[in-house]
Structures are given as C-alpha cells and as structure tokens.
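These notes are about the structure you will find just below.
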Amino acid sequence: MSPAGPPPPEKMMFQLSLRRRGISDQRVLRAMDSVPRDVFVESDDRDDAWRDTALGIACGQTISQPFVVAYMTERLELRDDHRVLEIGTGSGYQAAILSRLCREVVTIERFRVLADRARARLEQLDCDNVEVMLGDGFDIPAGAGQFDRIMVTAAMEQIPDALTARIEPDGLLIAPVGPHNGRQTLMLLRRTNAGLVRKELIDVRFVPALPGIAREL
Ligand code: SAH
C-alpha cells in the first residue's frame, strides 16, 4: 500500500527522467519506483537522492546514477525464476532493484563495511531473496554455482573467463569494460549454442573493479 496523497514531486521527476531517457520496461520502472533510494545514500546526500546522478558512499565508492541502474537492469531481461549475480554491492541499491525482478540475488562486495551496511538496509526493506557476500568478484567461490544473469557494477579491463564460465546457457552478463580512468563501455554478453555473443552498448563511468578483499575494513 502506498501512503495516502500524491507522490512527492521529486519522485515524479525521477520516473519522468527515466522515461525521457528511454527506459520503457514497466517492471523496471515499477521496481525503481518501489525502492527508496534515499535509504541507500549517505545521510548528507538525502536531499539529492532522487536526482539522476551518482553519489559518493563510504570507502571512496559510489552509488550509480539511477538511469544507469535502470538501463543495465532493463538490458538483463530479468524473469521471476532467474538467479542473478551482482559484483560490486556498494550501497546495495542495485541489488534491491534486482531483488524485485528475479528469484534470487547473490551480490559480492570487497569492502566489509559496505557489505555489512548493504545487508542491513536490504533486511530493513525485506529483500529476503538477496545474499550479500564479502568476497572478490574475480575469485567467486565454487559453491556459488551458476547464474542466469550476471551484472558487474565496477569497471573491468576485461571480463575474466572464470566469470563468463558462470553464465547459464541462454544467460546474459552485463559489465562496464575499459581502463580505470579512460573510456568504459557497457558490454552485453549472451551465451548461445554457438558460444558467447558480445554487444557494445553505451559509454559509462564506474569505479574500478580491484582484485582481493579490501584490507582497510
Ligand atoms: N552497485 C552499487 C554501486 C557499485 S560501486 C550500488 O548499487 O550502490 C562498485 C563497487 O564494486 C564498490 O563498492 C567496490 O568496492 C566494489 N568492487 C570493486 N571490485 C570488486 C571485486 N573484485 N569484488 C567485489 N566487489 C568489488
């Protein structure tokens, strides 16, 4: 049940700007509407939570721009029965969006403090189908299994074979690929009978994917 009265203007603008930029999948728009982004930003940034912009979070990382979250989600063509892997939990916002659109989300983060905070927020929002793991997306535990969809939310210089090996037949992987401080392009990989088919999408800017669990925290 939504609260009585009209939605706040900033939330209406949020939906409008996603539509204007070409997001048309109703399930994705509904998921973006249902997850309160202000819960995932730093308390000083609450007033900016509904703007279409990336914002800084702890550990020098970022919560992605809403348009990019919606765009990547839409391109994954998610179904209710899908098992999804996210690499780069960050604030947990993208994981919350994914959780509304599939059966199960496993999300991996290399900073303990980010993983712990994201887990707490996701619990608070009853995202019961998300597992937050402290770990390294370049070294996923064998026991994590295979995935129908994989989303990487940190820039990789190339997509490792160990990661593409986790995609189920007919599965999709989306990832920003490129140098840490240069031009990065979102790549969409589909596992077909004939092998992996790659497609270049739009240029983006993400924080780098770094190997190993972070030592700081
Ligand atoms: N999806 C996040 C934003 C991601 S920012 C959100 O919705 O808020 C990228 C995140 O990837 C950072 O938190 C960074 O610490 C993490 N990261 C970078 N390299 C990683 C790796 N090898 N394994 C797991 N997480 C990684």
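Hey, among the residues in segment 62-76 that are within 7 Å of the ligand (Cβ to nearest atom) and surrounded by 22 or more Cβ atoms within 10 Å (Cβ to Cβ), which one's farthest from ALA154 (Cα to Cα)?
The first filter runs over segment 62-76 and keeps only residues within 7 Å of the ligand (Cβ to nearest atom), leaving 62-64, 69.
Restricting the remaining residues to those that are surrounded by 22 or more Cβ atoms within 10 Å (Cβ to Cβ) gives 63-64, 69.
On the way: ILE63: 11, SER64: 10, VAL69: 12 Å.
So, considering only residues that are within 7 Å of the ligand (Cβ to nearest atom) and surrounded by 22 or more Cβ atoms within 10 Å (Cβ to Cβ), the one farthest from ALA154 (Cα to Cα) is VAL69.
Just to be sure I understand the filter: pairs with C-beta atoms under 6 Å, separated by 6 or more residues or on different chains, first member in segment 195-211 and within 16 Å of the ligand (Cβ to nearest atom), second member modelled with pLDDT under 95 and not in a strand (DSSP E or B). Which pairs pass?
PRO208/HIS180
Taking the options GLN15, GLN65, GLN26, name whichever one is in contact with a Ser or Thr (Cβ under 6 Å, 6 or more places away or on another chain) and not acidic (Asp, Glu).
Values: GLN15 fails: in contact with a Ser or Thr (Cβ under 6 Å, 6 or more places away or on another chain); GLN26 fails: in contact with a Ser or Thr (Cβ under 6 Å, 6 or more places away or on another chain).
On inspection, the qualifying residue turns out to be GLN65.
Residue by residue through segment 135-186, note down the ones that are of a type in the set (A, V, I, L, M, F, W, C), touching a residue at least 24 places away in the same chain (Cβ under 8 Å) and over 23 Å from ASP81 (Cα atoms).
Residues of segment 135-186 of a type in the set (A, V, I, L, M, F, W, C): 138, 140, 142, 144, 147, 150-152, 154-156, 159, 162-163, 165, 167, 172-175, 177, 186.
If we keep only those that are touching a residue at least 24 places away in the same chain (Cβ under 8 Å) as well, we get 138, 140, 144, 147, 150-152, 154-156, 159, 162-163, 167, 172-175, 186.
Correct list: PHE138, ALA154, ALA155, MET156, ILE159, ALA162, LEU186.
Quick check on my filter: what residues within segment 89-113 are more than 10 Å from the ligand (Cβ to nearest atom) and part of a loop (DSSP other than H, G, I, E, B)?
Residues satisfying the conditions are ARG100, LEU101, CYS102, ARG103.
Got a sec? Which of THR153, THR192 is more than 10 Å from the ligand (Cβ to nearest atom) and either hydroxyl-bearing (Ser, Thr, Tyr) or on the phi > 0 side of the Ramachandran plot (or both)? Let's see the steps before the verdict.
Working: THR153 fails: more than 10 Å from the ligand (Cβ to nearest atom).
Just one listed residue meets the conditions, THR192.
Just need a number here: residues in segment 125-150 that are out of contact with any strand residue (DSSP E or B) (no Cβ under 9 Å at 6 or more places or on another chain), within 9 Å of the ligand (Cβ to nearest atom) and among the hydrophobic types (A, V, I, L, M, F, W, C).
Looking only at segment 125-150, we keep the residues that are out of contact with any strand residue (DSSP E or B) (no Cβ under 9 Å at 6 or more places or on another chain), and these are 125-126, 128, 139, 142-143.
Within this subset, residues satisfying the condition of being within 9 Å of the ligand (Cβ to nearest atom) are 139.
With the extra rule that they be among the hydrophobic types (A, V, I, L, M, F, W, C), the set shrinks to none.
The total comes to 0.
Answer yes or no as to whether VAL41 is within 13 Å of the ligand (Cβ to nearest atom), in contact with a strand residue (DSSP E or B) (Cβ under 9 Å, 6 or more places away or on another chain), under 20 Å from SER91 (Cβ atoms) and assigned to a loop (DSSP other than H, G, I, E, B).
For VAL41, the condition - within 13 Å of the ligand (Cβ to nearest atom), in contact with a strand residue (DSSP E or B) (Cβ under 9 Å, 6 or more places away or on another chain), under 20 Å from SER91 (Cβ atoms) and assigned to a loop (DSSP other than H, G, I, E, B) - is met.
Restricting to segment 23-45, name every residue that is free of Cβ contacts under 8 Å to residues at least 12 places away in the same chain and either touching a Phe, Trp or Tyr at 6+ places or on another chain (Cβ under 8 Å) or not polar (S, T, N, Q) (or both).
Selection gives ASP44, ASP45.
Those residues that are more than 6 Å from the ligand (Cβ to nearest atom) and either part of a strand (DSSP E or B) or in contact with a strand residue (DSSP E or B) (Cβ under 9 Å, 6 or more places away or on another chain) (or both), I need them from segment 77-88; list them, please.
Within segment 77-88, the first condition is being more than 6 Å from the ligand (Cβ to nearest atom), and the residues that meet it are 77-86.
GLU77, LEU78, ARG79, ASP81, HIS82, ARG83, VAL84, LEU85, GLU86, listed by residue number.
Need pairs with beta-carbon distance below 8 Å; first residue acidic (Asp, Glu) and within segment 85-98, second assigned to a helix (DSSP H, G or I) and near the ligand (Cβ under 7 Å from one of its atoms); sequence gap 6+ or separate chains.
GLU86/GLN94; GLU86/ALA95
Out of curiosity, is ALA120 out of contact with any helix residue (DSSP H, G or I) (no Cβ under 6 Å at 6 or more places or on another chain) and closer than 19 Å to ARG215 by Cβ?
The answer is no for ALA120.
Say whether the condition of being more than 14 Å from the chain's Cα centre (by Cα) and of a type in the set (Lys, Arg) is met by at least one residue in segment 86-106.
Within segment 86-106, one or more residues are more than 14 Å from the chain's Cα centre (by Cα) and of a type in the set (Lys, Arg).
Can ASP148 be described as surrounded by 15 or more Cβ atoms within 10 Å (Cβ to Cβ), at pLDDT 95 or above and under 27 Å from GLY22 (Cβ atoms)?
Considered against the rule, which asks whether it is surrounded by 15 or more Cβ atoms within 10 Å (Cβ to Cβ), at pLDDT 95 or above and under 27 Å from GLY22 (Cβ atoms), ASP148 comes out as yes.
The values are calculated or read from the model by the stated rules, or taken from the named source; none is laboratory data. Remember, predicted model here, so these are calculated numbers, not experimental data. Don't worry about glycine lacking a Cβ; one is built from the backbone with ideal geometry, like all the others, and counts go over all protein chains shown.
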